[in-house]
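Okay, so here's the structure we're looking at.
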Amino acid sequence: MSAGTVSAASGPAGPAAAAADLTVVVLAGGLAYERDVSIRSGRRVGEALKAAGAAVRVLDADASLIDALAADPPDAVFIALHGGSGEDGALRTVLDLVGVRYAGSDAAACRMAWDKPNAKAAVRAAGLATPDWVALPHSTFRELGAAAVLDRIVDRLGLPLMAKPAQGGSALGARQIRTATDLPDAMISCLSYGDTVLVEPYVDGVEVAVSVVDLGAGPVALPAVEIVPSSGVFDYASRYTAGTTTYHTPARLSADVAARVAEVAVRAHSVLGLRDLSRTDAIVTPTGTVEFLEVNVSPGMTETSLLPMAVEAAGLELGEVCATLLRRAAAR
Ligand SMILES: Nc1ncnc2c1ncn2[C@@H]1O[C@H](COP(=O)(O)OP(=O)(O)OP(=O)(O)O)[C@@H](O)[C@H]1O
Ligand SMILES: [Mg+2]
C-alpha cells in the first residue's frame, strides 16, 4: 500500500452533496481525561460533515444518550470520544446493544488495541519492531517494593526510558526517565492516570503519526505526519497549543522509509483487526527502523490533530472521508 492513492467517494454532484442524504450522530465529550480534546474533535468532525451536506447532531456520552439514539436513530454514529469508553470498546458494546451502526473498529478489536502492552505484543508477534517493554500494575510495586522492582527494570531495559500509562492518550502521565532517580516520580505520574504502567526504552529518532483509512478498497496509509515539538517533548501542551509544534506533511523521509512507515501502519491496523480508520504512532530510528509505539482507534480530530492533517495532505476533504466511513458503517 502506498500513500496518496486514496480517493473519497464524492458523487457526481460534487463535495457539497457528498453526504446530502446522511443522518449522523457525532459522539463527543464523555468523562475521560480527554473530554476537552473530544469536544474539539466532535466540533471539527460535525462541522466537516455539515459542510459535506449531512444532517448532524453532536451528542455527549451521558445518561440521555441511549434514549436519544433509540428515539431517533441516525444512519450511523461517528465516535469522537478519546480515552476510556470511546477507545476501550465499552461504548461500542452499548451501541451494538442499541443496534446503532458506527464508523470505526468493533468493541473486541478496540479492547485489544487500546491496551498498549497488548497491542505491542500483537504487532511484535506479527514481525513488526516495537521497543522492549515491561508492564506492571500498581499492586506489584506495592506488594514487592517499588525500589526493588524498578532496579530490575533498569537492569533489564537500560536508560533512558519512557514510562506511560498502559492505557490512555494525549501523552497524559507519560514521562521520560533519564536517570534511575527519575523513576519514582514517573511511576506516580503514570499511576495517577491508570492502574498499570508501561516502561520501555526511550527511542531517539523522527516521530511520525500514520493515519490509515479504508474508503472501500481496503486499508490505505495516508501521508505520514512528522512531529517536531519546539520543547523537544510531544506532551499535552505541545499537542493542543497552536504554534508549539511543527508538523511536516508528508514527513521528510526517503521514499523507501516512507513506504515502510506506511506498511507498518497498515499492517498494525490489519493485525489488530481494526476497521475504517486508525492512527499508528511510531519512531523512525537513525538507521531507518520503524519502531511501533501505539495505535489509536479514535484518533484526535481537533484543529491541531494529526489525522485531519494527513487527510488534507492526501488531497481529501475531512467531511467527505468521514461521510464515506459513515456510509460504509450504515451499510454493514
Ligand atoms: N519509547 C519511546 N521513545 C521516545 N518517545 C516516546 C516513546 N514512547 C512514547 N514517546 C513519546 O511520548 C508521546 C506519547 O506516547 P504514546 O503516543 O505512546 O501515548 P499516548 O499518550 O497514547 O498518545 P496519543 O495521544 O497519541 O494516543 C509520543 O507522542 C512520543 O513523543
Ligand atoms: Mg500517541
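Counting only DSSP beta bridges with both residues in the chain, tell me the antiparallel percent, nearest 5.
Among the beta bridges of the chain, antiparallel pairing accounts for roughly 75 percent.
Would you work out the charge dipole size for region 213-320 about its Cα centre, treating the Cβ of every Lys and Arg as +1 and the Cβ of every Asp and Glu as -1, and quote it to the nearest 20 debye?
180 debye
Given R₀ = 22 Å, FRET efficiency for residue 237-residue 178 by Cβ-Cβ distance, to 0.05?
For R0 = 22 Å, the calculated efficiency reads 0.65.
Can you give the net charge of the other residues whose Cβ lies under 12 Å from the Cβ of residue 150, counting K and R as +1 and D and E as -1?
Charge balance in the 12 Å sphere: -2.
Please report, as a whole percent, how much of the solvent-accessible surface of the chain comes from carbon and sulfur atoms (probe radius 1.4 Å).
Using a 1.4 Å probe with all protein chains present, the chain comes out at 53 percent carbon and sulfur.
Could the peptides 111-117, 248-254, 210-216, 30-36 be put in order, highest first, of the mean number of other beta-carbon atoms found within 10 Å of their residues?
Ranking the peptides 111-117, 248-254, 210-216, 30-36 by packing returns 210-216, 111-117, 30-36, 248-254.
Skip the ligands, DNA and RNA, and give the accessible area per residue of the chain with a 1.4 Å probe, whole Å².
For the chain, the solvent-accessible area averages 42 Å² per residue.
Net charge near residue 329: determine it from the other residues with C-beta under 10 Å of the C-beta of residue 329, scoring Lys and Arg +1 and Asp and Glu -1.
+3
Loop only per DSSP, at most 16 neighbouring Cβ atoms within 10 Å: give me the trypsin sites (Lys or Arg not before Pro) in region 140-200, ordered by residue number.
178
Which lysines have a Cα lying under 30 Å from the Cα of residue 164, excluding residues fewer than 8 positions away in the same chain?
Once the sequence-local lysines are set aside, what remains near residue 164 is 116, 120.
What is the gain in length, in nm to one decimal, between residue 285 and residue 155 on full extension, counting 0.36 nm per residue of separation less the C-alpha to C-alpha distance?
Length gained, residue 285 through residue 155: 44.5 nm.
Under a point-charge model restricted to the Cβ atoms of Lys and Arg (+1) and Asp and Glu (-1), what is the dipole moment magnitude of the chain relative to its Cα centre, in debye to the nearest 20?
The dipole of the chain has a size of about 260 debye.
The values are calculated or read from the model by the stated rules, or taken from the named source; none is laboratory data. In this text, all values refer to a predicted model and were calculated from it rather than measured experimentally. Here the Cβ is made from the backbone with ideal geometry for all residues, glycine too, and neighbour counts use every protein chain on show. Quick note on the areas: whole protein, heavy atoms, side chains included, nothing else; ligands and nucleic acids left out. Shrake-Rupley method; radii C 1.70, N 1.55, O 1.52, S 1.80 Å.
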